[in-house]
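What follows draws every value from the coordinates through simple rules; no lab data is involved. Everything numeric in this text was worked out from a predicted model, so none of it was measured. Heads up, the Cβs are rebuilt from the backbone with ideal geometry, glycines too, and the neighbour counts pull from every protein chain shown.
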Amino acid sequence: MKKSNIIIGAIVAIAVVTAFITGNKSSWSDTERALITNCNDSIMHLWTIDNASDSLFLRNVCAPLTLRDIQDGLYEHLKAGMLATVTDPRNEGVGIAAPQVGIGRRLIAVQRYDKAGEPFEFYVNPRLIYLSDTTQTGTEGCLSIPDMHGEVARSTSIIVEYNDETTFLPRRDTVSGFTAVIFQHEIDHLEGILYIDRAIYVINEAN
Ligand SMILES: [Zn+2]
């Protein structure tokens, strides 16, 4: 065997090992890991449009979560932090998206007003695969846009597809009414879209 072949063989072996290791690792960045760990499952800092750099961050398109990401213990801590933040009695919401707490990932929590007990539920990599042509205009606010509300026309019925937390297989849910509005608002956040972009008009409560 020639020396060059041994070197090529070694390079290929390293590449295969690297691919194997990478494929089994979660993709949480050190910054994300620190943000999630530091919140200790309690209220997280909210990114708002009042801050210039936060505002730019909220305009980013978020990255998908992998199966490895949600199998990493960090995922449960992120959910706990997001839930604590959206249910903060001093600043309650009906939904929250990960970028609102500085995590640029495709994860949302939606309060299911259409279910008994109105629980908050999390959705991994949610996407809208159907939006009804019929729309209804309603009032919206956002935890990232303090002291404002606006009127937005949203589809009255949607089908959302997302990845199951355990199997990662795609699952679908048909939703209508106010809960469908929450899904549309939160999934917009994952694309860097805010309700004020879609609003017929916005009212600044501070004025
Ligand atoms: Zn929002």
* Asked: Just how many % of Cα pairs in the chain lie over 28 Å apart, if you round to the nearest whole percent?
  -> 33
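Treating only the Cβ of Lys, Arg, Asp and Glu as charged (+1, +1, -1, -1), what charge dipole size does the stretch 28-204 show about its Cα centre? Round to the nearest 20 debye.
In total the dipole reaches around 240 debye.
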* Asked: Which order results if Leu58, Leu128, Leu78 are arranged by neighbouring Cβ count within 10 Å, fewest first?
  -> Leu128, Leu58, Leu78
* To do: For the stretch 60-114, would you read off the P(r) tail past 16 Å as a percentage of all alpha carbon pairs?
  => 44
* Treating the beta-carbon of each Lys and Arg as +1 and of each Asp and Glu as -1, no other charges, what is the dipole magnitude of the stretch 84-164 about its Cα centre, to the nearest 20 debye? -> 220
* To do: Could you give log10 I(q)/I(0) at q = 0.12, 0.14 Å⁻¹ for the stretch 106-179, computed by the Debye formula over C-alpha point scatterers of equal weight, without solvent?
  => -0.39, -0.53
* Asked: Expressed as a rounded percentage, what relative contact order does the chain have, with Cα pairs under 8 Å and six or more residues apart?
  -> 19
* Please name whichever of Ala80, Gly104, Pro64 sits farthest to the positive end of the charge dipole of the stretch 28-204, dipole taken about the Cα centre and charges placed at Cβ: Lys and Arg +1, Asp and Glu -1. => Pro64
* Structure fact -> Taking alpha-carbon centroids only, the stretch 165-207 lies from the stretch 84-98 a number of Å equal to 14
* To do: Report the antiparallel proportion of the DSSP beta bridges in the chain as a percent, rounded to a multiple of 5.
  => 95
* **Segment Leu128-Thr31, length gained on full extension (0.36 nm per residue, minus Cα span)** => 32.0 nm
* Along the charge dipole of the chain, which of Ile196, Gly117, Ile159 sits closest to the positive end, that is, farthest toward it, with unit charges on the beta carbon of Lys, Arg, Asp and Glu (+1, +1, -1, -1)? -> Ile159
* **Between 0 and 90°, nearest 10: helix 178-190 axis offset from the chain longest Cα axis** => 40
